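Take a look at the structure set out below.
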Amino acid sequence: MNQILATEKTKKSNKQTDIKNIIMFFAISLIIFGIVLSGEGTYAIYKSIEDTKPSNIPKVTIQRVNDEAIVNIKHNKQIMKISYSWDNGEENVVPINDYTAQETITLLEHNSTLKLIVEDITGKQITYQEEFLLDGVDITKPTIQINTSNGSNKMVIIAKDETAMLRMTYQWEGEEEKTFYAETNNEKELTQELILTPGSKIIRVIAEDLNGNIEEIEKEVVISTSKPTMSVLKDGNQVIFEAKDQDGIKDILVNLNGETYSAKDINLKEVKVGPLTLKEGNNILSIEVTNVNGYTESAATELMYNSQ
C-alpha cells in the first residue's frame, strides 16, 4: 500500500515539475519577445529623430525673379526627383540625381500656391508650399534693343517698360559698368547713344523697371566705319575682281562656276584677284569680302562670254 502511495506522489511531483517548466518557458519567451519589440520601438524612435534633424532635411529656397520662381535645393543625401504643381493641379516631375538642384518655374498671372515635393535616394519625401500674391503686381520685365549700322560709329541702346523704368546699365568686356537712371517715376523708355571704335566687342546690358523686374542681354557687336566695295573688270574671256575698304581687307572668297579661290589675312586696303578665265556661255560669279573689323559684304552676278 505504501508503495502505491509513493508511486502516486512521484507522479504528482513530476506533473508539477512539467507545469513549472512550461510556465518558465513561456515567461522567458515573453521576456525575449518584449525585448525585441522594445528594440524595434527604440530604433523607430531613433530613426524618426534622425529624419527630423535639420541637417537631414533638404534646404529649399524659393525666390521670385520677374515672372519666374527660382527654386534652389541642397541636401546631404542624393536628390532623386522634385515634383511641383500649382494650386494642387497638374504635377510636373523633374529627375535630379544630384545633391543640389535648381529649377526655374514660370509663375501664374494671379494669386496661386506652389506645392513642391523633394524625394531623396532613401525614398523620403518632404513637401514645401509657397504662396505668390500677384494680383495687381507688375511681373513683366523690360525689353532691350541694341541698334547699330555698319558704316556708322554710333550705337543706340533702348530699354522700355510698359509701367516705368528705373535704370539701365551697360558694360563692355574688360571695362567698368555704367548706369543711367530715369529722371521721373513714370519714364517708360531710357535711351543711350554710344560712340564706337571699329572692331568686335561684347556688351552686357541690364534694364530694371520701377517694380524690380530685370532683363539682361549679352551681345557681340561688330563695328566697321566702312563697307568693302567690289567691282568686276572683264576683258574677253578674262575677268579681274577688285575689292577696296578704307579700314583694310582681311579675307576674300571668290567662286566662279563652282570653283573657289580664296586669300586670308591680307590686311590691305585694295586687292585684285585674277585674271580668271570664263567658260563659253553663261558664268556664275559670287564674291565675299571680310574687312579687318570682321564685317562681311557679299555679291553675286552672271557673266556671259561668247567667243564668236
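Return the residues of the range 252-298 that are in a strand (DSSP E or B), surrounded by 16 or more Cβ atoms within 10 Å (Cβ to Cβ) and either among the aromatic types (Phe, Trp, Tyr) or under 40 Å from the mean Cα position of the chain (by Cα) (or both); say none if nothing qualifies.
Correct list: Ile252, Leu253, Ile287, Glu288, Val289, Thr290, Asn291, Thr296, Glu297.
So which strands (runs of 3 or more DSSP E) stay within the range 137-227 end to end and still have 1 or more residues that are touching a residue at least 40 places away in the same chain (Cβ under 8 Å) and closer than 30 Å to Leu108 by Cα?
143-148, 154-160, 165-172, 199-209, 214-223
Somewhere in the range 147-156, is a residue in contact with an Asp or Glu (Cβ under 9 Å, 6 or more places away or on another chain) and open to solvent by less than 30 Å² (accessible area, probe 1.4 Å)?
yes
Quick check on my filter: what residues within the range 124-136 are touching a residue at least 24 places away in the same chain (Cβ under 8 Å) and surrounded by fewer than 14 Cβ atoms within 10 Å (Cβ to Cβ)?
If the condition is that a residue be touching a residue at least 24 places away in the same chain (Cβ under 8 Å) and surrounded by fewer than 14 Cβ atoms within 10 Å (Cβ to Cβ), then Asp135 is the only one that fits.
Looking only at the range 185-192, decide whether some residue is at pLDDT below 90 and surrounded by 17 or more Cβ atoms within 10 Å (Cβ to Cβ).
The answer is no; no qualifying residue exists.
So which of Leu285, Leu268, Leu278 ends up being of a type in the set (A, V, I, L, M, F, W, C) and touching a Ser or Thr at 6+ places or on another chain (Cβ under 6 Å)?
Leu285
Output the residues belonging to the range 109-133 that are assigned to a loop (DSSP other than H, G, I, E, B) and either more than 17 Å from Asn66 (Cβ to Cβ) or modelled with pLDDT of 90 or more (or both).
Residues satisfying the conditions are Asn111, Ile121, Thr122, Gly123, Lys124.
Would a scan of the range 74-95 turn up a residue that is among the aromatic types (Phe, Trp, Tyr) and either closer than 30 Å to Asn291 by Cα or open to solvent by 70 Å² or more (accessible area, probe 1.4 Å) (or both)? Let's see the steps before the verdict.
Keep residues of the range 74-95 that are among the aromatic types (Phe, Trp, Tyr), which gives 84, 86.
Cutting the leftovers down to either closer than 30 Å to Asn291 by Cα or open to solvent by 70 Å² or more (accessible area, probe 1.4 Å) (or both) gives us none.
Checked the range 74-95: no residue is among the aromatic types (Phe, Trp, Tyr) and either closer than 30 Å to Asn291 by Cα or open to solvent by 70 Å² or more (accessible area, probe 1.4 Å) (or both).
The values are calculated or read from the model by the stated rules, or taken from the named source; none is laboratory data. These numbers were taken from a predicted model, which means no experiment stands behind them. Note that we place each Cβ from the backbone using ideal geometry, even for glycine, and neighbour counts take in every protein chain shown. To get the accessible areas, we keep the full protein, side chains included, count just its heavy atoms, and leave off ligands, DNA and RNA. Shrake-Rupley method; radii C 1.70, N 1.55, O 1.52, S 1.80 Å.
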